[in-house]
1. Kindly report, to the nearest 10 Å², the accessible surface of Thr86 as traced by a 1.4 Å probe over protein heavy atoms only.
2. Per the 1.4 Å probe, what fraction of the accessible area of the chain, in percent, lies on carbon and sulfur atoms?
3. Straight-line reach only, C-alpha to C-alpha below 15 angstrom: list the aspartates and glutamates that Lys49 could link to, leaving out same-chain residues fewer than 8 apart.
4. Kindly give Rg over Rh for segment 123-241, based on alpha-carbon atoms, with the Kirkwood expression for the hydrodynamic radius.
5. Leaving out ligands and nucleic acids, note down the accessible area per residue over the chain with a 1.4 angstrom probe, in whole Å².
6. Hey, how many Å between the Cα centroid of segment 43-95 and the Cα centroid of segment 244-301?
7. What number, in percent, do you get for the relative contact order of segment 74-152 if the mean sequence gap of Cα pairs under 8 Å and at least 6 apart is divided by its residue count?
8. Helix-derived [θ] at 222 nm for the chain: sum -39500 (n - 2.57) over DSSP H runs of at least 4, divide by residue count, nearest 500?
Amino acid sequence: MDKKINGLEVSNILYAELNKYLLKKQAIPRVVDLSIGHDFGGEMYAKMKEKNITSKTMIDFISVHFDEMTKEELEQYIININNDNTISGLMIQLPLPKHLQAEERRLLDLINPIKDVDGLTSLSAGRLSTGDHTLIPCTPRGIEMLLKAYDIDLEGKKVAIINRSNIVGKPLAELMLQNNATPIICHSKTNNLASITRTCDIVVAALNKQEHINSEFIKEGAIVIDVGVHKNEAGKTVGDVAFDDVYDKVSLITPSTGAVGPMTICMLAYNSAKSIYGEEVEEVLKQGIAKAKQRIKTYNM
């Protein structure tokens, strides 16, 4: 059995299901993705989002880039989008330029929560933490759906999440709690990290350290989700996990490409649809996951 988790295939099944749904609807989501400055990683992610969403969905995805923007200009831009009834969603590429970073939380909270397709406003975070309906950050949601597509029963599972950010670690912990798992949030100040992760059934590595997680961090039969993306000295794309070193020890693992990234962008597409049609889109997602689960089972028979 192949231990590699194929997020690209799962996302393609989910895109097909979403398009079938949108074909029956009168309004198509129209989303603005705003980026400012010249962060290499952010620019690459913005291009990936635009390429995938425009080629694989009916969503009108508009990438807008400014080399420079003052705090006042960004505030006004957000207000204009909030007031534009032709735009259903807005996301702001992070990290913001240095001169705006101190204002990041306040600026994100200017976004109308209904249009918050990244799920990053304080209201969205609060609703998630109380189990209310909301738009959920895309990477954690993608990880949750990937585990469900591979028929992983999360109930009772011990999950190490090596990240405490508002984008990944905290919302993923909330999602794991909602699935009756036991999340343990670890971070750069965690003592004896390997002694914690070795006790866990699932390890989510998002520590932004190239191939830092090796077999010493992983217990036999664990599931490993690698969120990191790096270029090594040979120019090869690698993750936060030393893939070859842990492969024989794990039961399932995401490669550094073709897994978490495609699912993150796919969940952005679903959030874009939810910004117009709300919770009924969750049923579309459930149907897609059921189809993905069946496809994976067929492969493994």
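1. Roughly 80 Å² of Thr86 is accessible to a 1.4 Å probe.
2. On the way: 7180 of 14260 Å².
Using a 1.4 Å probe with all protein chains present, the chain comes out at 50 percent carbon and sulfur.
3. In chain and number order, the partners are Asp33, Asp60, Asp118.
4. Ratio of gyration radius to Kirkwood radius: 0.97.
5. On the way: 14260 Å² over 301 residues.
Computed with neighbouring chains in place, this is 47 Å² per residue.
6. 24
7. Values: 64 pairs, mean separation 18.5, N = 79.
Relative contact order, segment 74-152: 23 percent.
8. Values: 12 runs with 133 residues, N = 301.
The helix contribution divided over the chain gives -13500 deg cm²/dmol.
The values are calculated or read from the model by the stated rules, or taken from the named source; none is laboratory data. Since this is a predicted model, take the numbers as computed values, not measurements. Cβ: placed from backbone, ideal geometry, glycine included. Neighbour counts: every protein chain shown. The accessibility values were calculated without ligands, DNA or RNA, using every heavy atom of the protein model including side chains. Shrake-Rupley method; radii C 1.70, N 1.55, O 1.52, S 1.80 Å.
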